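Everything on this sheet refers to the single structure shown next.
The values are calculated or read from the model by the stated rules, or taken from the named source; none is laboratory data. Note that the structure is predicted; figures quoted are calculated from it, not measured. Note that we place each Cβ from the backbone using ideal geometry, even for glycine, and neighbour counts take in every protein chain shown.
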Amino acid sequence: MTESAVGGPSLPQERRLVTEIPGPGSLERLDRKKAHVADGVGTTLPVFVVAAGGGVLVDVDGNSLIDLGSGIAVTSVGNAAPAVTRNVVEQVQAFTHTCFMVTPYDGYVDVCAALAELTPGDHAKKSALFNSGAEAVENAVKIARVATGRDAVVVFDHAYHGRTNLTMAMTAKNMPYKNGFGPFAGEVYRAPMSYPLRDGLSGEEAAARAIDVIDKQVGAANLACIVIEPIQGEGGFVVPAPGFLPVLAAWARQHDVVFVADEIQSGFCRTGDWFASDHEGVVPDLVTTAKGIAGGLPLAGVTGRADLMDSVHVGGLGGTYGGNPVACAAALGAIEEMKEHDLAARAREIGAIMERRLAELRAEHDVIADVRGRGAMMAIELGKPGTTEPDPVRTGAISAYCHQHGVVTLTCGTWGNVFRFLPPLSISDALLEEAFDVVAEAFATTT
Ligand SMILES: *Cc1c(COP(=O)(O)O)cnc(C)c1O
């Protein structure tokens, strides 16, 4: 390694390119990856990382890249954030695993108490912890089915809920998530999402359209739960029109249907509040969390109404590693960082900078059909000039330019034509502005 492997906020906060991207050290390692790692495991930007922190990733060749992805909305508190590192080191030295279902420990209970405090609503809540977002979504469905005695699950167009069998059925997009992997779990039904750019409907109109589909094609009496991302992630950062979520939640309550907010990507300060549901005062029955919860360690949760959570028989929820003590220590550190540095407020500041930069860009480039998002979860959708016809080719060209010039950008969307910007909340204003200078150059120099 040519770079010190110490990351965290003390890493020099600069974009620094000393080789092509990827450089010789990364290219050598890509050959090893090709030899040993299944081809199905792709990489967006193939530089091998040795250290990260603040707003940068440093690779084996000594390049320092500006991070606008946070490892897909995971390192919201920054990589190797001090409280996370401290808690993890202390926990690793004490013990690494007992299995909470065999002999319990405080960290698990502390995380559940924090989730009860932070998630929307002040009703009695309980939680169960898991390893991944998909696992949390699966368990939310299990809980809703037991609690209601019903089978059906409603999800939405453009939804992403994971890569396990049930969550593949719940995810909308075929390539790359589902293609060839069926048959999928049954009793999953898809309703139309509110997508203001493409449907032009108000939130209330879009909710009425969705409820009509649910009512006619499923029937409330058969429906265990509605699972929805309050702001969609992989599906394109689709922000439903105001009113859509409250009307759906009210309909669910009226029919004893469990309303599940999948806040795996939008949660934990990302949108400028603790959870995206908070912005419209929506109080879900169950909330799924993962990604930003633990500063990079694998942890996920289902949190919700105590009566629903307790409807499952003893032993019905769990898993060998769920709520691992090191991951719980990391989560407690991450939550400490969020509170101490008011990262929700920081997400709003970052959002204001991104909104300004993206509005400027939109004024200059008619391929930008939409600018949307909330807080530090912003996106632009690209269409053929002046239209909403998706343009994934231009999106790819701009993306490649950013990567070659040291900015980690991510795309998403059903048509692969959306840039999503998810900087760590520990990024400096200067670095963020510089990253968007590169994005602007990318728009100006690609066709
Ligand atoms: C990432 C994601 C998931 C799946 O999480 P994994 O940890 O990758 O299993 C589920 N729902 C949403 C909204 C996500 O963004």
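Identify, from the list D199, D212, the residue that is farther than 23 Å from W415 by Cα, at pLDDT 95 or above and acidic (D, E). Can you show your working first?
Working: D199 fails: farther than 23 Å from W415 by Cα.
Selected residue: D212, the only one of D199, D212 that is farther than 23 Å from W415 by Cα, at pLDDT 95 or above and acidic (D, E).
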(request) Could you grab the pairs with beta carbons closer than 6 Å, sequence gap of 6+ or different chains, first residue in the range 291-302 and in contact (Cβ under 8 Å) with a residue 12 or more places away in the chain and within 10 Å of the ligand (Cβ to nearest atom), second one assigned to a strand (DSSP E or B) and of a type in the set (A, V, I, L, M, F, W, C)? (result) A300/F130
(request) Select from the range 1-26 the residues that are more than 18 Å from V407 (Cα to Cα) and hydrophobic (A, V, I, L, M, F, W, C) and write down the one among them that is modelled with the lowest pLDDT. (result) M1
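A quick yes/no check of all residues on (1) surrounded by fewer than 21 Cβ atoms within 10 Å (Cβ to Cβ); (2) in the same structural domain as G272 (by TED's automatic domain parsing); (3) outside any helix (DSSP H, G or I); (4) in contact with a Phe, Trp or Tyr (Cβ under 7 Å, 6 or more places away or on another chain):
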position	(1), (2), (3), (4)
A347	no, no, no, no
I350	no, no, no, no
R356	yes, no, no, no
A363	yes, no, no, no
M378	no, no, yes, yes
T387	yes, no, yes, no
A400	yes, no, no, no
H403	yes, no, no, no
(request) Might you let me know whether the range 314-325 holds any residue that is more than 18 Å from E263 (Cα to Cα), touching a His at 6+ places or on another chain (Cβ under 9 Å) and within 15 Å of the ligand (Cβ to nearest atom)? (result) yes
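From the list G7, G40, G62, exactly one residue is outside any helix (DSSP H, G or I), touching a residue at least 60 places away in the same chain (Cβ under 8 Å) and surrounded by fewer than 22 Cβ atoms within 10 Å (Cβ to Cβ). Which is it?
On the way: G7 fails: surrounded by fewer than 22 Cβ atoms within 10 Å (Cβ to Cβ); G40 fails: touching a residue at least 60 places away in the same chain (Cβ under 8 Å).
When all the criteria are applied, what remains is G62.
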(request) With the condition kept exactly as written, say whether any residue in the range 212-225 is closer than 25 Å to M377 by Cβ and either within 16 Å of the ligand (Cβ to nearest atom) or in contact with a Ser or Thr (Cβ under 8 Å, 6 or more places away or on another chain) (or both). (result) yes
(message) Just to verify a result, which residue in the range 250-290, among those that are part of a loop (DSSP other than H, G, I, E, B) and within 11 Å of the ligand (Cβ to nearest atom), is surrounded by the most Cβ atoms within 10 Å (Cβ to Cβ)?
(response) E263
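Could you check, for the range 2-21, whether at least one of its residues is of a type in the set (K, R), assigned by TED's automatic domain parsing to the domain that holds T411 and touching a helix residue (DSSP H, G or I) at 6+ places or on another chain (Cβ under 8 Å)?
Of the range 2-21, the ones of a type in the set (K, R) are 15-16.
Imposing the further condition that a residue be assigned by TED's automatic domain parsing to the domain that holds T411 reduces the set to 15-16.
Imposing the further condition that a residue be touching a helix residue (DSSP H, G or I) at 6+ places or on another chain (Cβ under 8 Å) reduces the set to 15.
For the range 2-21, residues of a type in the set (K, R), assigned by TED's automatic domain parsing to the domain that holds T411 and touching a helix residue (DSSP H, G or I) at 6+ places or on another chain (Cβ under 8 Å): present.
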